[in-house]
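The values are calculated or read from the model by the stated rules, or taken from the named source; none is laboratory data. From a predicted model like this one, the values you see are computed outputs, not experimental measurements. Counting neighbours? That spans all protein chains shown, and the Cβs are built from the backbone with ideal geometry, glycine included. Side chains are part of the model used for accessible areas, which takes the heavy atoms of the whole protein and leaves out ligands, DNA and RNA. Shrake-Rupley method; radii C 1.70, N 1.55, O 1.52, S 1.80 Å.
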Amino acid sequence: MKILPPRVANIAAAAKVLQEGGLVIMPTETVYGLAGNALDERAVAKIFAIKGRPTENPLIVHIHELGMLESLASDVPPHALRLAERFWPGPLTLVLQKAEKVPSSVTGGLDTVAIRMPAHPVALSLIKRANLPIAAPSANPFMGLSPTRIEHLDPKITREVEIALDGGPARVGVESTVVDCTEGMIRILRPGGVSRALIEAALGAPLAAPPQQGHRSPGMYARHYAPRAVLKLVDGLGPNQPGLTLDAPQTARQIKMPRDPKAYSASLYDALHRLDRLRVKTIYVQQPPSEPEWEAVLDRLTKASTAL
Ligand code: TXA
Ligand code: MG
(Lines give C-alpha, C1' and ligand atoms only; values in the text may rest on other atoms or scores of the structure.)
(Ligands and ions follow the chains in the order given, each with its own letter.)
Protein backbone atom coordinates (compact mmCIF):
# COMPACT_ATOMS: atom_id res chain seq x y z
CA MET A 1 0.00 0.00 0.00
CA LYS A 2 1.18 3.50 -0.80
CA ILE A 3 0.58 6.23 1.76
CA LEU A 4 0.13 9.42 -0.21
CA PRO A 5 -0.22 13.06 0.81
CA PRO A 6 -3.61 14.43 -0.26
CA ARG A 7 -2.49 16.28 -3.38
CA VAL A 8 -4.89 16.62 -6.32
CA ALA A 9 -3.05 14.01 -8.42
CA ASN A 10 -3.15 11.50 -5.55
CA ILE A 11 -6.83 12.10 -4.90
CA ALA A 12 -7.43 11.54 -8.62
CA ALA A 13 -5.44 8.28 -8.49
CA ALA A 14 -7.47 7.11 -5.48
CA ALA A 15 -10.72 8.07 -7.25
CA LYS A 16 -9.66 5.95 -10.21
CA VAL A 17 -9.05 2.96 -7.93
CA LEU A 18 -12.59 3.40 -6.57
CA GLN A 19 -14.08 3.63 -10.07
CA GLU A 20 -12.30 0.43 -11.03
CA GLY A 21 -13.76 -1.48 -8.09
CA GLY A 22 -10.74 -1.26 -5.78
CA LEU A 23 -10.52 -0.03 -2.19
CA VAL A 24 -8.65 2.91 -0.70
CA ILE A 25 -8.15 4.34 2.78
CA MET A 26 -10.09 7.60 3.05
CA PRO A 27 -9.45 10.12 5.84
CA THR A 28 -12.55 11.58 7.49
CA GLU A 29 -12.98 13.96 10.42
CA THR A 30 -14.15 11.08 12.65
CA VAL A 31 -11.95 8.07 11.80
CA TYR A 32 -10.21 6.71 8.71
CA GLY A 33 -12.51 4.67 6.46
CA LEU A 34 -11.98 1.62 4.23
CA ALA A 35 -13.64 2.98 1.10
CA GLY A 36 -15.18 1.35 -1.97
CA ASN A 37 -17.87 2.02 -4.56
CA ALA A 38 -21.19 1.48 -2.73
CA LEU A 39 -22.90 0.48 -5.99
CA ASP A 40 -20.34 -2.22 -6.83
CA GLU A 41 -21.22 -5.52 -5.13
CA ARG A 42 -17.68 -6.85 -5.57
CA ALA A 43 -16.09 -3.82 -3.94
CA VAL A 44 -18.58 -4.11 -1.08
CA ALA A 45 -17.83 -7.82 -0.66
CA LYS A 46 -14.10 -6.99 -0.42
CA ILE A 47 -14.77 -4.49 2.36
CA PHE A 48 -16.59 -7.12 4.44
CA ALA A 49 -13.93 -9.75 3.72
CA ILE A 50 -10.94 -7.55 4.60
CA LYS A 51 -12.50 -6.37 7.86
CA GLY A 52 -13.76 -9.82 8.79
CA ARG A 53 -17.10 -8.14 9.36
CA PRO A 54 -20.37 -10.10 9.61
CA THR A 55 -22.33 -9.49 6.41
CA GLU A 56 -25.48 -8.48 8.31
CA ASN A 57 -23.71 -5.41 9.76
CA PRO A 58 -24.52 -2.63 7.26
CA LEU A 59 -22.11 -0.01 5.92
CA ILE A 60 -22.41 3.78 5.85
CA VAL A 61 -22.60 5.33 2.38
CA HIS A 62 -20.70 8.62 2.04
CA ILE A 63 -21.77 11.47 -0.23
CA HIS A 64 -20.29 14.88 -1.04
CA GLU A 65 -23.44 16.88 -1.81
CA LEU A 66 -27.08 16.83 -0.75
CA GLY A 67 -28.14 16.09 -4.32
CA MET A 68 -26.78 12.54 -3.98
CA LEU A 69 -29.32 11.81 -1.24
CA GLU A 70 -32.24 11.52 -3.64
CA SER A 71 -30.75 8.67 -5.61
CA LEU A 72 -29.86 6.66 -2.48
CA ALA A 73 -32.88 7.19 -0.21
CA SER A 74 -36.45 6.61 -1.37
CA ASP A 75 -37.86 8.91 1.30
CA VAL A 76 -36.25 11.82 3.15
CA PRO A 77 -38.65 12.94 5.91
CA PRO A 78 -38.56 16.67 6.80
CA HIS A 79 -36.89 16.08 10.19
CA ALA A 80 -34.09 14.11 8.46
CA LEU A 81 -33.57 16.89 5.93
CA ARG A 82 -33.40 19.40 8.73
CA LEU A 83 -30.61 17.41 10.41
CA ALA A 84 -28.75 17.03 7.12
CA GLU A 85 -28.92 20.76 6.47
CA ARG A 86 -27.82 21.56 10.00
CA PHE A 87 -24.98 19.02 10.47
CA TRP A 88 -23.63 18.11 7.03
CA PRO A 89 -20.87 17.97 6.16
CA GLY A 90 -20.18 16.52 9.61
CA PRO A 91 -20.16 13.55 11.99
CA LEU A 92 -23.83 12.59 11.64
CA THR A 93 -25.21 9.53 9.81
CA LEU A 94 -28.87 9.35 8.82
CA VAL A 95 -30.65 6.00 8.45
CA LEU A 96 -33.32 6.32 5.74
CA GLN A 97 -35.47 4.06 3.55
CA LYS A 98 -33.16 2.86 0.81
CA ALA A 99 -33.60 3.45 -2.89
CA GLU A 100 -33.68 0.44 -5.14
CA LYS A 101 -30.25 0.99 -6.62
CA VAL A 102 -28.45 0.57 -3.29
CA PRO A 103 -27.29 -3.07 -3.20
CA SER A 104 -28.67 -5.03 -0.26
CA SER A 105 -25.12 -6.20 0.52
CA VAL A 106 -24.33 -2.60 1.58
CA THR A 107 -27.30 -2.47 3.93
CA GLY A 108 -26.83 -5.93 5.41
CA GLY A 109 -30.12 -7.00 3.85
CA LEU A 110 -32.11 -4.17 5.47
CA ASP A 111 -34.46 -1.94 3.52
CA THR A 112 -32.80 1.10 5.09
CA VAL A 113 -29.49 2.76 4.23
CA ALA A 114 -27.13 4.82 6.39
CA ILE A 115 -25.84 7.99 4.71
CA ARG A 116 -23.27 10.57 5.78
CA MET A 117 -21.54 13.60 4.25
CA PRO A 118 -18.13 13.72 5.94
CA ALA A 119 -16.53 17.07 6.81
CA HIS A 120 -12.95 16.20 5.86
CA PRO A 121 -11.92 18.14 2.72
CA VAL A 122 -9.97 15.17 1.36
CA ALA A 123 -12.98 12.85 1.73
CA LEU A 124 -15.23 15.38 0.01
CA SER A 125 -12.81 15.84 -2.92
CA LEU A 126 -12.31 12.10 -3.27
CA ILE A 127 -16.05 11.34 -3.39
CA LYS A 128 -16.60 14.20 -5.80
CA ARG A 129 -13.77 13.11 -8.06
CA ALA A 130 -14.92 9.46 -8.06
CA ASN A 131 -18.46 10.72 -8.64
CA LEU A 132 -19.83 7.74 -6.73
CA PRO A 133 -21.49 7.04 -3.40
CA ILE A 134 -18.73 5.56 -1.23
CA ALA A 135 -19.26 2.78 1.30
CA ALA A 136 -16.77 3.13 4.12
CA PRO A 137 -16.66 1.45 7.51
CA SER A 138 -13.91 2.39 9.94
CA ALA A 139 -10.65 0.98 8.53
CA ASN A 140 -9.97 -1.53 11.31
CA PRO A 141 -10.46 -5.29 11.62
CA PHE A 142 -13.92 -6.19 13.01
CA MET A 143 -14.35 -5.21 16.70
CA GLY A 144 -10.97 -3.47 16.83
CA LEU A 145 -10.00 0.12 17.53
CA SER A 146 -10.78 2.61 14.80
CA PRO A 147 -7.78 4.40 13.25
CA THR A 148 -7.64 8.16 13.78
CA ARG A 149 -4.14 8.50 12.30
CA ILE A 150 -2.55 6.82 9.31
CA GLU A 151 -0.02 5.15 11.67
CA HIS A 152 -2.88 3.30 13.38
CA LEU A 153 -3.74 1.25 10.31
CA ASP A 154 -3.49 -2.51 10.84
CA PRO A 155 -1.37 -4.52 8.34
CA LYS A 156 -4.35 -6.89 7.91
CA ILE A 157 -6.10 -3.95 6.25
CA THR A 158 -3.22 -2.17 4.51
CA ARG A 159 -1.92 -5.24 2.69
CA GLU A 160 -5.23 -5.48 0.83
CA VAL A 161 -5.42 -1.83 -0.22
CA GLU A 162 -3.56 0.07 -2.96
CA ILE A 163 -3.66 3.65 -1.72
CA ALA A 164 -4.11 5.40 1.61
CA LEU A 165 -4.59 9.17 1.55
CA ASP A 166 -2.99 10.74 4.61
CA GLY A 167 -5.42 13.34 5.91
CA GLY A 168 -3.62 13.91 9.22
CA PRO A 169 -5.07 13.18 12.66
CA ALA A 170 -8.87 12.96 12.67
CA ARG A 171 -10.29 16.10 14.27
CA VAL A 172 -13.37 14.53 15.91
CA GLY A 173 -11.77 11.19 16.76
CA VAL A 174 -14.92 9.13 17.48
CA GLU A 175 -17.31 7.82 14.85
CA SER A 176 -20.38 9.66 13.63
CA THR A 177 -23.66 9.70 15.53
CA VAL A 178 -26.03 7.27 13.78
CA VAL A 179 -29.69 8.32 13.88
CA ASP A 180 -32.67 6.34 12.66
CA CYS A 181 -35.06 8.62 10.76
CA THR A 182 -37.36 5.92 9.38
CA GLU A 183 -40.08 5.57 11.98
CA GLY A 184 -41.65 9.00 12.01
CA MET A 185 -39.24 10.11 14.72
CA ILE A 186 -35.51 10.43 15.31
CA ARG A 187 -33.69 7.90 17.45
CA ILE A 188 -29.97 7.66 18.20
CA LEU A 189 -28.65 4.20 17.35
CA ARG A 190 -25.00 5.06 18.09
CA PRO A 191 -23.86 8.16 20.01
CA GLY A 192 -20.97 9.94 18.31
CA GLY A 193 -19.48 13.17 17.03
CA VAL A 194 -22.72 15.19 17.15
CA SER A 195 -24.15 15.29 20.68
CA ARG A 196 -27.72 14.40 21.62
CA ALA A 197 -28.17 17.97 22.91
CA LEU A 198 -27.26 19.49 19.53
CA ILE A 199 -29.64 17.15 17.71
CA GLU A 200 -32.45 17.96 20.12
CA ALA A 201 -31.75 21.68 19.71
CA ALA A 202 -31.90 21.34 15.91
CA LEU A 203 -35.21 19.45 16.09
CA GLY A 204 -36.64 21.62 18.84
CA ALA A 205 -37.81 18.51 20.70
CA PRO A 206 -36.39 15.78 22.94
CA LEU A 207 -35.38 12.53 21.24
CA ALA A 208 -37.24 9.26 21.55
CA ALA A 209 -35.90 6.60 23.91
CA PRO A 210 -33.19 4.23 22.65
CA PRO A 211 -34.37 1.01 20.98
CA GLN A 212 -35.65 -1.70 23.30
CA GLN A 213 -33.53 -4.78 23.80
CA GLY A 214 -34.38 -7.31 21.15
CA HIS A 215 -35.13 -4.55 18.66
CA ARG A 216 -33.25 -5.19 15.42
CA SER A 217 -30.25 -2.95 15.80
CA PRO A 218 -27.41 -4.15 13.60
CA GLY A 219 -23.88 -3.37 14.63
CA MET A 220 -24.79 -2.79 18.25
CA TYR A 221 -22.51 -5.48 19.63
CA ALA A 222 -21.71 -5.60 23.33
CA ARG A 223 -17.94 -5.69 22.71
CA HIS A 224 -16.65 -3.29 20.07
CA TYR A 225 -14.13 -0.48 19.55
CA ALA A 226 -11.69 -2.53 21.62
CA PRO A 227 -7.90 -2.40 21.94
CA ARG A 228 -5.85 -5.63 22.01
CA ALA A 229 -5.31 -5.18 25.75
CA VAL A 230 -8.04 -5.76 28.28
CA LEU A 231 -9.65 -2.44 29.16
CA LYS A 232 -10.79 -1.79 32.73
CA LEU A 233 -12.78 1.21 33.90
CA VAL A 234 -11.64 2.30 37.36
CA ASP A 235 -12.17 5.24 39.74
CA GLY A 236 -8.47 6.08 39.71
CA LEU A 237 -5.21 4.54 38.50
CA GLY A 238 -2.73 2.88 40.86
CA PRO A 239 0.87 4.15 40.68
CA ASN A 240 2.01 1.36 38.32
CA GLN A 241 -1.14 0.83 36.32
CA PRO A 242 -0.80 1.78 32.62
CA GLY A 243 -3.75 3.62 31.19
CA LEU A 244 -5.69 6.84 30.76
CA THR A 245 -5.98 9.28 33.63
CA LEU A 246 -7.70 12.59 34.17
CA ASP A 247 -5.24 13.39 36.96
CA ALA A 248 -1.47 13.86 36.91
CA PRO A 249 0.24 10.79 35.37
CA GLN A 250 2.38 8.77 37.80
CA THR A 251 4.37 6.81 35.18
CA ALA A 252 5.31 7.16 31.51
CA ARG A 253 2.66 4.58 30.69
CA GLN A 254 -0.15 6.76 32.04
CA ILE A 255 -1.59 9.17 29.49
CA LYS A 256 -3.13 12.37 30.76
CA MET A 257 -6.53 12.83 29.13
CA PRO A 258 -8.32 16.18 28.65
CA ARG A 259 -11.22 17.06 30.97
CA ASP A 260 -13.17 18.50 28.05
CA PRO A 261 -15.32 15.80 26.37
CA LYS A 262 -14.59 16.94 22.80
CA ALA A 263 -10.85 17.06 23.37
CA TYR A 264 -11.07 13.70 25.16
CA SER A 265 -12.91 12.14 22.17
CA ALA A 266 -10.34 13.51 19.76
CA SER A 267 -7.47 11.81 21.56
CA LEU A 268 -9.15 8.65 22.91
CA TYR A 269 -8.35 6.15 20.14
CA ASP A 270 -4.85 7.54 19.68
CA ALA A 271 -4.15 7.05 23.39
CA LEU A 272 -5.48 3.47 23.29
CA HIS A 273 -3.46 2.71 20.14
CA ARG A 274 -0.31 4.02 21.87
CA LEU A 275 -0.80 1.78 24.89
CA ASP A 276 -1.58 -1.19 22.64
CA ARG A 277 1.73 -0.61 20.84
CA LEU A 278 3.49 -0.85 24.22
CA ARG A 279 1.88 -4.30 24.51
CA VAL A 280 0.46 -3.65 27.96
CA LYS A 281 -1.87 -6.45 29.07
CA THR A 282 -4.42 -4.24 30.77
CA ILE A 283 -5.32 -0.63 30.06
CA TYR A 284 -6.85 1.05 33.13
CA VAL A 285 -9.13 3.95 32.28
CA GLN A 286 -10.22 6.44 34.90
CA GLN A 287 -14.00 6.66 34.66
CA PRO A 288 -14.92 9.93 32.89
CA PRO A 289 -17.82 12.07 34.17
CA SER A 290 -21.32 10.77 33.46
CA GLU A 291 -22.72 14.05 32.11
CA PRO A 292 -24.63 13.85 28.77
CA GLU A 293 -21.82 15.43 26.72
CA TRP A 294 -19.67 12.39 27.58
CA GLU A 295 -22.21 9.97 26.01
CA ALA A 296 -20.10 8.95 23.00
CA VAL A 297 -16.92 8.49 25.05
CA LEU A 298 -18.76 6.44 27.70
CA ASP A 299 -20.37 4.30 24.98
CA ARG A 300 -17.00 3.46 23.41
CA LEU A 301 -15.27 2.82 26.75
CA THR A 302 -18.11 0.58 27.93
CA LYS A 303 -18.03 -1.45 24.70
CA ALA A 304 -14.23 -1.64 24.72
CA SER A 305 -14.27 -2.92 28.30
CA THR A 306 -16.84 -5.65 27.65
CA ALA A 307 -15.42 -9.18 27.70
CA LEU A 308 -15.92 -11.33 24.60
O1 TXA B 1 -17.72 8.16 11.50
C2 TXA B 1 -18.12 7.16 10.93
O3 TXA B 1 -19.31 6.86 10.89
C4 TXA B 1 -17.07 6.28 10.23
C5 TXA B 1 -16.45 7.07 9.08
C6 TXA B 1 -15.49 6.24 8.25
O7 TXA B 1 -17.45 7.64 8.30
N8 TXA B 1 -17.68 5.07 9.78
C9 TXA B 1 -18.07 4.09 10.63
O10 TXA B 1 -18.56 2.97 9.98
O11 TXA B 1 -17.98 4.18 11.83
P12 TXA B 1 -18.78 1.58 10.70
O13 TXA B 1 -19.11 0.64 9.62
O14 TXA B 1 -17.58 1.26 11.51
O15 TXA B 1 -20.05 1.79 11.58
C16 TXA B 1 -21.31 1.95 10.96
C17 TXA B 1 -22.42 1.87 11.96
C18 TXA B 1 -22.62 0.47 12.47
O19 TXA B 1 -22.93 0.53 13.85
C20 TXA B 1 -23.81 0.00 11.65
O21 TXA B 1 -24.55 -1.01 12.26
C22 TXA B 1 -24.62 1.28 11.52
O23 TXA B 1 -23.64 2.27 11.33
N24 TXA B 1 -25.51 1.21 10.35
C25 TXA B 1 -25.17 1.23 9.05
N26 TXA B 1 -26.25 1.09 8.25
C27 TXA B 1 -27.32 0.99 9.07
C28 TXA B 1 -28.73 0.83 8.88
N29 TXA B 1 -29.26 0.72 7.67
N30 TXA B 1 -29.52 0.77 9.97
C31 TXA B 1 -29.00 0.87 11.22
N32 TXA B 1 -27.67 1.01 11.49
C33 TXA B 1 -26.84 1.07 10.43
MG1 MG C 1 -16.37 0.60 13.04
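Structural remarks
- Scattering profile of region 153-305 at q = 0.09 Å⁻¹ [log10 I(q)/I(0), Debye over alpha-carbon scatterers]: -0.35
- The distance between label points at K101 and T55 comes to 2.4 nm (points 7 Å beyond Cα on the Cα→Cβ vector).
- Cα gyration tensor category, rounded, prolate or oblate, for region 126-196 with a/c compared to 1.5: prolate
- Of the GluC sites (Glu not before Pro) found in region 70-156, the ones in coil according to DSSP and having at most 12 other Cβ atoms within 10 Å of their Cβ are E100.
- Protein heavy-atom surface of the chain, 1.4 angstrom probe: 52% of the accessible area is carbon and sulfur, with nucleic acids and ligands not counted.
- Cα-centre dipole for the chain with unit charges at Cβ (Lys and Arg positive, Asp and Glu negative), debye to 20: 940
- For the chain: accessible area per residue (Å², 1.4 Å): 44
- Using only the C-alpha atoms, the convex hull of region 106-167 corresponds to 119 Å³ per residue.
- Linear extension gain, V8 paired with T282, 0.36 nm per residue minus alpha-carbon span: 94.4 nm
- At most 14 other Cβ within 10 Å, DSSP loop - chymotrypsin sites (Phe, Trp or Tyr not before Pro), region 16-103: none
- A rounded overall shape is assigned to region 78-144, the ratio a/c of its alpha-carbon gyration tensor axes (a ≥ b ≥ c) being less than 1.5.
- Contact order for region 55-163, expressed relative to its length and based on alpha carbon pairs under 8 Å spaced 6+ residues apart, stands at 33 percent.
- Fraction of C-alpha pairs exceeding 37 angstrom in the chain: 12 percent, rounded to a whole number.
- Cα-Cα P(r), region 1-132, percent of pairs per 10 Å interval: 13, 44, 36, 7, 0
- Using C-alpha pairs under 8 Å with a sequence gap of at least 6, the mean separation divided by the residue count of the chain gives a relative contact order of 21 percent.
- Multiplying the residue separation of M143 and A45 by 0.36 nm and removing their Cα-Cα distance gives an extension gain of 33.5 nm.
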